[in-house]
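Please treat every number below as a calculation from the coordinates, not as lab data. Keep in mind that this is a model prediction, so the values were computed, not measured. Counting neighbours? That spans all protein chains shown, and the Cβs are built from the backbone with ideal geometry, glycine included.
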Amino acid sequence: MAALFFIVALIIAVGAGSPIAASILGHGPNDPFPYAVNPNLKPVGPMSRIPALSEVKITSDEQVGLPKPPKGTPTTLLVLGADGSLGRDELLRLLYGGRVTLEVALLGALLSIMVGVLLGAAAGYFGGWTDAIISRVVDFVMSFPLLLFLLMLGRVLTGHLDTVTLGGVFNQGVLMLILLIAAFTWFYPARIVRSEMLSLKRREFVDAAEMVGASDRRILVRHLTPHVVPALIAYGTVLVSTNVMLEAGLSFLNVGVKLPTASWGSMLTATWGSLLQQNSYSPLSFTIWPTLVPSLAIFLTALAFNLLGEGFRSASDPEGTR
C-alpha cells in the first residue's frame, strides 16, 4: 500500500504538479540562470535564491565573474538548487523529467504486454505451426544482447523516428524509446500468456464453451484472457520498474530523449556525459545534488513498482506465498 500511495503521488506530482510548480516559481525547466553557478561553474545548492536573469551582458573581456545585478532585479528560488553549468532549476527538471521517464516506462510496458498477449495467446491456444513459429521468433529475439541491439537500432533510427512527436503529444525521442523498449520486451509476457493458455485450454469451462458453439475469438477474449490478467499486472509493474532503469541506461548510450528535454536519464547524462562523450570530474565544479536527486528518484520509483508487483502477486495468489 505504501508503494501504491507513492506511485499515485508521483504521477500526480509529475503530471499536474510540474506546471503548477513552474507557475509558482515563475520560470520553466529549461530556463538558464547564470547567477546559479559560481565562476568555477559549480551550481548552487538547495533553497538558493538567485537573481532571476537568464542573460547577462559582459562589458569587458578581462572581467572576472558576473557583474552585480541591477538594483530592483527580482529573485527566484531554486528549491533543489541548479542542475549544472547552465543553472537550470533542478526541481522543475526533476518533475518534468519524471513525466517523460514515466511516459516511456508505462507506455513501453503497456505496448509490450499488448503485443505479448496477442502472440502468446495465439501460440498457446492454437498450438501447431502457429506455436512453433511464434516460439522460434521469441527464442530468436531473446538471443540478442538487449542494450547492444537497442544502441544499434537507436543509432540507425536517430534523425528519423526520434523527431516524430505525433503532433506534439510526445517530446522528441520519447516515441522512439517506447517502440524500441516494447520491441525487445514483449517476449516475456508472451511466454507467460502462452504457458497459461496451454494449461487453461484443457479446462472444463473451455470444453463447455466449445460445446455451445462459442468461437475461438470469444473463448480467448471472454474465457481465457481474464485468467492471465493478474499475472500480467504483476509482471507489468516489474516491467515498468525495468523500463525506468532502461531509460536511464539508454541515455548514457546517447540514445533516447534529447536535450534540452529533461528525463531522469538525461539529467544524469548532462552531469556525467554519455559513453562516447564523458564529462571529466572536477572538484571545483562538482556538487552532489545533480547526481543524487535523479538517482534517488530512479531508485525509489523502481523499488515502488517492484514492491507493488510483489504485493499484487501475493494478493492474487495467496497460496503461492506460503
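Report relative contact order for the chain in percent, whole number only (criteria: Cα-Cα under 8 Å, sequence separation at least 6). Before the final figure, lay out the partial values.
Working: 462 pairs, mean separation 71.6, N = 322.
Computed value for the chain: 22 percent relative contact order.
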*How far apart, in nm, are two points set 7 Å out from the Cα along the Cα-to-Cβ line at N279 and at R136?*
4.9 nm
*Within the chain, which is the longest segment containing none of the GluC sites (Glu not before Pro) that sit in a DSSP loop and have at most 13 other Cβ atoms within 10 Å?*
63-322
*Would you look at the GNM of the chain, springs on alpha carbons closer than 10 Å, and say which of V14, V79, V212 moves the most?*
V212
*In the Gaussian network model of the chain, springs joining C-alpha atoms below 10 Å, which of L66, L78, L239 carries the largest mean-square fluctuation?*
L66
*Sort V138, V164 so that the residue with the fewest other Cβ atoms within 10 Å of its own Cβ comes first and the one with the most comes last.*
V164, V138
_Using a 10 Å cut-off around each Cβ, can you sort R313, R49 from fewest to most neighbouring Cβ atoms?_
R49, R313
*asked:* Between T163 and L148, what is 0.36 nm times their sequence separation minus the Cα-Cα distance? Round to one decimal in nm.
replied: 3.2 nm
_Length-normalised contact order of the stretch 173-322 in % [C-alpha pairs under 8 Å, at least 6 apart]_ = 27 percent
*Provide the FRET efficiency to the nearest 0.05 for the S314-N40 pair, computing r from the beta carbons and using R0 = 51 Å.*
0.50
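Calculate the FRET efficiency for V212 and L118 from the Cβ-Cβ distance with a Förster distance of 35 Å, rounded to the nearest 0.05. All intermediate terms of the calculation are to be shown ahead of the outcome.
Details: r = 25 Å, r/R0 = 0.72.
So, using R0 = 35 Å, E works out to roughly 0.90.
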*asked:* Using a Cα-Cα cut-off of under 28 Å, which lysines could be cross-linked to K68, ignoring same-chain neighbours fewer than 8 residues away?
replied: K42, K57
_If Rh is defined by the Kirkwood formula over all Cα pairs and Rg also comes from Cα, what ratio Rg/Rh do you get for the chain?_
1.09
*Modelled label-to-label distance, F205 and W272, 7 Å Cα→beta-carbon offset: nm?*
4.9 nm
*Separation of the stretch 79-125 and the stretch 24-52 by C-alpha centroid, Å?*
27 Å
*Check every DSSP H run in the chain and write down those whose alpha carbon atoms cover 30 angstrom or more along the long axis and whose mean Kyte-Doolittle hydropathy is 0.0 or greater.*
90-126, 225-252, 289-316
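Can you compute the helix-only [θ] at 222 nm over the chain? Use -39500 (n - 2.57) per DSSP H run of at least 4 residues, normalise by all residues, nearest 500 deg cm²/dmol.
Computed mean residue ellipticity for the chain: -18500 deg cm²/dmol.
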*Separation between the N30 and L303 pseudo-spin-labels, each 7 Å from Cα along Cα→Cβ, expressed in nm?*
3.3 nm
*Considering only V244, V255, V229, give the residue with the highest GNM mean-square fluctuation for the chain, with springs between Cα atoms whenever their separation is below 10 Å.*
V229
